[in-house]
Amino acid sequence: MFNAKITGTGMYVPKNLVTNADIEAITGKSLEKFAERIGIKQRYVTGPDESTADMATYAGQNAIANAGLKAEDIDLVVVATDTPEYVTPPTAIVVQGRLQAVNAGAFDINGACSGFVAAYDVVSRMVMSGGYKNALLIGVYNMTKFADKTDAIFADGAGAVVISQTEEDAGFMASYLYADGTQYDFLGIYGGGAKYPIQKPENVDQLYNNTLTSLKPLPGDRNVKLWPVVVKTLLDKKGLEYKDIDFVIFTQINKSVILQVMDILGLPVEKTICVMDKYGYTGSGCIPIALHSAVEEGKIKKGDNVVLVASGAGLAVASALMKW
């Protein structure tokens, strides 16, 4: 059996920069305490001339180049997103065509904001089976198309990795996925699917339109309680402990939560990364964007045990352990 190793990373954010000062000018409300607690100071957002597939394509090209490969070397393209280009066909199909990855199959995975890590699990196992040599996995988020434009949390962006077949002692090691489907009606985009197709006039003015809608409040301490348990369950699969983690990347939605969890794990802050100050919250794109940033900054070294933890609406949680 082969191993599945990340051989290239990449990212892309849109050209439109929106700072906290820009939002303050519109709303008249100070974001000073928000920036201090959440860590978000600016974000990049798509305009009418940029879409999900655009960002995914650029991030994919970046990762392929960093892996030293060409598009024709890729034999699988997978896009993880809950803000797809269309309901159908899959965004990955559009991206595969634009990349001219002529030897690749393609499909999407929707795990909400946990989608990239869940897809990393799936794609790594496909590569490890021997069926694929070089797979391109992209996490992309275009939520500003669906959210209130003055919401300081949401941003757009894409991150990508190339996962390659290898015989090295490196790459994917284990995963742990958790879900609680009773929370499906907390937060989501409920219009536009088969339940509430928005083209029907009687649905246009009702609650279930095609905008991001909060129906129930999310527990404020959920990730502080959940993430340490998820990490322990993941590490137990390989007989490891918290101290064996060399680097960990969490969903980039709240800096104070990440710091609290690192304290619970007994790990120094140097073993994690926060990029929300630069990029805002990029959902299914935030883990690969943070990973690319950590690699570019030399924070992750060969042989390191790296943990990824992501949470999303649903509730959907995915975690993975790799040796870099």
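The values are calculated or read from the model by the stated rules, or taken from the named source; none is laboratory data. Treat the numbers as computed from the prediction; the structure is a model and nothing was measured. No Cβ is skipped: glycine too gets one built from the backbone with ideal geometry, and neighbour counts run over all protein chains shown.
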Unmet requirement for Ala294, which otherwise passes all of (1) in contact (Cβ under 8 Å) with a residue 12 or more places away in the chain; (2) touching a helix residue (DSSP H, G or I) at 6+ places or on another chain (Cβ under 9 Å): (2)
Restricting segment 134-167 to residues that are in contact with a Leu (Cβ under 9 Å, 6 or more places away or on another chain) and closer than 16 Å to Ser293 by Cα, which is surrounded by the fewest Cβ atoms within 10 Å (Cβ to Cβ)? Val162
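Mind listing just one residue for me: the one in segment 108-140 that is assigned to a loop (DSSP other than H, G, I, E, B) and under 15 Å from the mean Cα position of the chain (by Cα) and, of those, nearest to Val94 (Cα to Cα)?
Start the filter on segment 108-140 by keeping residues that are assigned to a loop (DSSP other than H, G, I, E, B), which leaves 110, 112, 114, 129-133.
Retained after the next criterion (residues that are under 15 Å from the mean Cα position of the chain (by Cα)): 110, 112, 114.
Numbers: Asn110: 16, Ala112: 20, Ser114: 22 Å.
So the residue we want is Asn110.
The rows are residues; the columns are (1) under 26 Å from Val102 (Cβ atoms); (2) modelled with pLDDT under 90; (3) among the basic types (Lys, Arg).
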{"residue": "Phe116", "(1), (2), (3)": "yes, no, no"}
{"residue": "Asp121", "(1), (2), (3)": "no, no, no"}
{"residue": "Ala135", "(1), (2), (3)": "yes, no, no"}
{"residue": "Ser164", "(1), (2), (3)": "yes, no, no"}
{"residue": "Phe186", "(1), (2), (3)": "no, yes, no"}
{"residue": "Gly191", "(1), (2), (3)": "no, yes, no"}
{"residue": "Lys200", "(1), (2), (3)": "no, yes, yes"}
{"residue": "Asp205", "(1), (2), (3)": "no, yes, no"}
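Here's the yes/no breakdown for (1) among the charged types (D, E, K, R); (2) in the same structural domain as Ser51 (by TED's automatic domain parsing):
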| residue | (1), (2) |
| --- | --- |
| Leu137 | no, yes |
| Asn142 | no, yes |
| Ala155 | no, yes |
| Gly159 | no, yes |
| Asp185 | yes, no |
| Gly192 | no, no |
| Trp227 | no, no |
| Gly239 | no, no |
| Ile245 | no, no |
What do you reckon, is Leu240 more than 23 Å from Ala174 (Cβ to Cβ), in a loop (DSSP other than H, G, I, E, B) and either modelled with pLDDT of 95 or more or out of contact with any helix residue (DSSP H, G or I) (no Cβ under 7 Å at 6 or more places or on another chain) (or both)? no
Close pairs (6 angstrom Cβ cut-off, 6 or more residues apart or separate chains): assigned to a helix (DSSP H, G or I) in segment 141-163, polar (S, T, N, Q) anywhere: Met143/Thr83
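Being surrounded by fewer than 20 Cβ atoms within 10 Å (Cβ to Cβ), of a type in the set (Lys, Arg), part of a helix (DSSP H, G or I) and touching a strand residue (DSSP E or B) at 6+ places or on another chain (Cβ under 8 Å): is that true of Lys299 here? Before you say what the answer is, go through the steps one by one.
On the way: surrounded by fewer than 20 Cβ atoms within 10 Å (Cβ to Cβ): yes; of a type in the set (Lys, Arg): yes; part of a helix (DSSP H, G or I): no; touching a strand residue (DSSP E or B) at 6+ places or on another chain (Cβ under 8 Å): yes.
No; evaluated as a whole, the condition is false for this residue.
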Name every residue in segment 255-281 that is surrounded by fewer than 22 Cβ atoms within 10 Å (Cβ to Cβ), under 23 Å from Ala313 (Cβ atoms) and in contact (Cβ under 8 Å) with a residue 40 or more places away in the chain, in order of residue number. Lys255, Ser256, Cys274
